[in-house]
Amino acid sequence: VKNINSTSISSFNNRASRSAGKTFAILQFEHIPTVAERQQLFQEGIELLDYIPNNAYTVTITGSLNETTLQRVQARAIIEPTAQQKMQQELALGDFPAHAVKTPGTLDVWISFPTSFTATEVINTLQGRNFELLSEDLKAYRILAVRVPVLRLGELALLSCVEYVQAPPGEDEPLSAFWTNWGRD
């Protein structure tokens, strides 16, 4: 739904979650922005990240949105993703894999963060909100391992420095069963 108007922009600016002064959102356009329009947006504090079908991008916004700028580049809608939209479907449904539950009442997850955030900014935000950082081993790939109380999973997903939340992969399984049964069909 089109929502680039003063009321919606003002509401977004007032309620948007911020980490390190930045907000994560989805911005849809009437057309794919040109290189010049992307540069204008960047100068106004809006960094386009990943393309989503139907002329939309994930974005980070530094500062506040400006209605005039958005209208000039023919933005159509600004959306703040919900916690459920930012997490693995099983997690959103409360179906937690057994390998991700190491301590009762908590869940071990991997979070990915947008390229416009540094690992240090994300770590500081997590620690400032009392989320337990388990590992930084994959920070070069924009992934951190976090232990979160199950009741705070949505809160973690809603942080503007969190792009996606998923359960870590399970343990590797041997292929012996495959090879044992191979060719028996």
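The values are calculated or read from the model by the stated rules, or taken from the named source; none is laboratory data. Values in this document were obtained by computation on a predicted structure and should not be read as measured data. When we count neighbours, we look across all protein chains shown, and the Cβ atoms used for this are built from the backbone with ideal geometry, even at glycine. Surface accessibility is based on the protein's heavy atoms, side chains included, excluding ligands, DNA and RNA. Shrake-Rupley method; radii C 1.70, N 1.55, O 1.52, S 1.80 Å.
Annotations
- Against the conditions (1) among the hydrophobic types (A, V, I, L, M, F, W, C); (2) out of contact with any Pro (no Cβ under 9 Å at 6 or more places or on another chain); (3) surrounded by 17 or more Cβ atoms within 10 Å (Cβ to Cβ), residue 93 satisfies every one except (3).
- Some residue of segment 122-141 being touching a Pro at 6+ places or on another chain (Cβ under 7 Å), surrounded by 13 or more Cβ atoms within 10 Å (Cβ to Cβ) and not hydroxyl-bearing (Ser, Thr, Tyr): no
- Segment 17-47 - residue that is hydrophobic (A, V, I, L, M, F, W, C) and in a strand (DSSP E or B) and, of those, farthest from residue 70 (Cα to Cα): 24
- Residues that are touching a helix residue (DSSP H, G or I) at 6+ places or on another chain (Cβ under 8 Å), among the charged types (D, E, K, R) and closer than 19 Å to residue 11 by Cα, drawn from segment 32-89: 44, 67, 80
- Residues satisfying the stated conditions in segment 30-81, i.e. open to solvent by 50 Å² or more (accessible area, probe 1.4 Å) and in contact (Cβ under 8 Å) with a residue 40 or more places away in the chain: 30, 31, 47, 62, 64, 66, 67, 71, 74, 76, 79, 80
- Scanning segment 4-16 for any residue that is more than 30 Å from residue 132 (Cβ to Cβ), open to solvent by less than 70 Å² (accessible area, probe 1.4 Å) and free of Cβ contacts under 8 Å to residues at least 40 places away in the same chain turns up at least one such residue.
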